[in-house]
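Below: one structure, written as structure tokens.
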Amino acid sequence: MREFMIYSPKDERFYTEKQLQEIADDIDKAVTTPVNIMIEADHRVYDFSEVKEILSEAQRIVVQDCGCKTVYQNCDSPRDVCLGLDCEADYVLKNKGSNAKEITLDEALDVLRRSHEAGLVHMAYVMKGEEKPSLICSCCSCCCHTLGGLLRHGIHTQVLSSKYIASDDEVKCIDCSDCVSRCVFEARRMESDKLVYDASKCLGCGLCVTTCPTNAISMKSRDHQ
């Protein structure tokens, strides 16, 4: 995983297809992790779902600048959103990762909330030979090898998965199109002023849920569709 950060763009604005395939070969699986943020009246974060469970089990957490965004700079999304856990955290600190620093669980959750609001997709990576995620990235499709590789070349489809999928309530939907621009996976589009949702493209990041003004979208387990 650490080698993902050494590619130089030269005259390119994204990874080459060969580089993307090399990266995919090193990943056991990459799982999108919806934040499912619930806000109470005092604006306190109430629940962070699966991501909080992953972070809570970690003995050490480090945040550093995202290598993909730092190298390619194709957007102005927040960079300080890459979280390394336990052994990965030790490695990052030892090798002086980009602006790396150790943080608390609460600080890590704040990082996830901030990046979610910026429209980034939270992805937990499990490398081959490992059992638990060692890295949680907040990714954009214009810089990230996984999201960009999927949308541009169809690469990473063999490792990218999610336990959840978005479910729309057509009665509540007002066809406002707010969710269309938030959908990184291009599962939503407007046709004749009506929302069209292609569930086969959804990878359960949850960005559409916190965007919908009428609460017409919810996350459901893929096991109970």
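List of remarks:
- Ranked CYS176, CYS208, criterion: other C-beta atoms within 10 Å, fewest first: CYS176, CYS208
- Charged side chains reduced to their Cβ positions (Lys and Arg at +1, Asp and Glu at -1) give region 164-224 a dipole of some 200 debye around its Cα centre.
- Formal net charge of residues neighbouring LEU195 (Cβ-Cβ distance under 13 Å; K, R +1; D, E -1): -3
All of the numbers you see were taken from the coordinates with simple rules; none came from a lab. Computed from a prediction, not measured in an experiment: that's the story for all the values here. As a convention, Cβ positions derive from the backbone with ideal geometry for all residues, glycine included, and neighbour counts pool all protein chains shown.
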